[in-house]
Each structure stands twice: as structure tokens, then as C-alpha cells.
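Asks: Questions regarding the structure given below will be posed in turn.
The values are calculated or read from the model by the stated rules, or taken from the named source; none is laboratory data. Note that the structure is a prediction, hence the values are computed from the model and not measured. Cβ atoms come from the backbone with ideal geometry, glycine included; neighbour counts cover every protein chain shown. Heads up: the accessible areas ignore ligands, DNA and RNA and are worked out on the full protein's heavy atoms, side chains in. Shrake-Rupley method; radii C 1.70, N 1.55, O 1.52, S 1.80 Å.
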Amino acid sequence: MGGGAANYSIPDWRKYKVENAPELVQVQRALASHGLKDPWLRNEVWRFDTTQFGSHGPRLRLAFFRGFKWGLIAAVATVAIERSLGGGHGHGHGDHH
């Protein structure tokens with residue numbers, strides 16, 4: 001079962017620095033102003049590190065529009081095939097009862 005070893009590379013934890021994430025730097029400063037420190041803040045860097053993953057906007061666009069082109073092509077093809085085969089009749093709310 002499983003079919004062979006996977007080649008995963010685990011990134012080095014030292015490359016994730018709070019200084020690379022402006023939002024987390026603000027959180028760190030706000031905590032420091034109250035005399036607090038979050039030792040786990042580094043674990044959230046991957047979400048906010050603009051040097052590694054870009055800013056929030058492009059990541060959202062990528063997530064929402066990935067595959068949009070192929071989805072639109074598939075939808076247009078489906079409608080074209082259904083209309084050419086004469087489908088679509090009897091699905092509406094016509095005047096006949």
C-alpha cells in the first residue's frame with residue numbers, strides 16, 4: 001500500500017522570521033508594550049511572509065481564480081452540447097399546466 005516513498009523536504013525553521021512579516025511585527029510590538037511575548041508567533045510567519053509567498057491579495061486571487069479559465073470553457077462546452085442535442089426543453093416554468 002502507499003506506493004513508494006514520498007520526497008518531502010522539510011523547510012528549516014530558521015528561515016521563518018517574524019521580521020519578514022509586517023503584520024506580525026505589529027503584533028510583537030503590541031505585545032511588548034504590555035510586557036508580553038508570544039513564543040509561538042514564529043509559527044504563523046508562513047501565512048504572512050511576503051518574501052516567500054507574496055502578499056495577501058495575489059494569494060486570494062490565485063485561490064479563487066485558479067482553474068477559472070478551464071471551468072468557463074467546460075461550462076460553455078456543456079451549454080453548447082446541450083443546446084445542439086436539443087436538451088433544455090421542459091425544464092422551465094412554462095404556461096402549460
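Asks: Which residues, taken from region 22-57, are polar (S, T, N, Q), under 16 Å from the mean Cα position of the chain (by Cα) and closer than 18 Å to residue 12 by Cβ?
Replies: Residue satisfying the conditions is 52 alone.
To keep it simple, each residue is scored yes or no on (1) open to solvent by 80 Å² or more (accessible area, probe 1.4 Å); (2) at pLDDT 90 or above; (3) among the acidic types (Asp, Glu); (4) assigned to a helix (DSSP H, G or I).
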{"residue": "46", "(1), (2), (3), (4)": "yes, no, no, yes"}
{"residue": "58", "(1), (2), (3), (4)": "no, no, no, yes"}
{"residue": "63", "(1), (2), (3), (4)": "no, no, no, yes"}
{"residue": "76", "(1), (2), (3), (4)": "yes, yes, no, yes"}
{"residue": "82", "(1), (2), (3), (4)": "yes, yes, yes, yes"}
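Asks: Another question, if that's okay. Given the conditions (1) surrounded by 10 or more Cβ atoms within 10 Å (Cβ to Cβ); (2) at pLDDT 80 or above; (3) not in a helix (DSSP H, G or I), and given that residue 36 satisfies all but one, which numbered condition is not satisfied?
Replies: The failed condition is (1).
Asks: Which residue pairs have Cβ atoms closer than 8 Å, lie 6 or more positions apart in sequence or on different chains, and pair a first residue in region 57-76 that is without any contact (Cβ under 8 Å) to a residue 24 or more places away in the chain with a second residue that is open to solvent by less than 90 Å² (accessible area, probe 1.4 Å)?
Replies: 59/53
Asks: Please count how many residues of region 1-33 are exposed (fewer than 12 other Cβ atoms within 10 Å of the Cβ), aliphatic (A, V, I, L, M) and not in a helix (DSSP H, G or I).
Replies: Residues that pass the stated criteria total 4.
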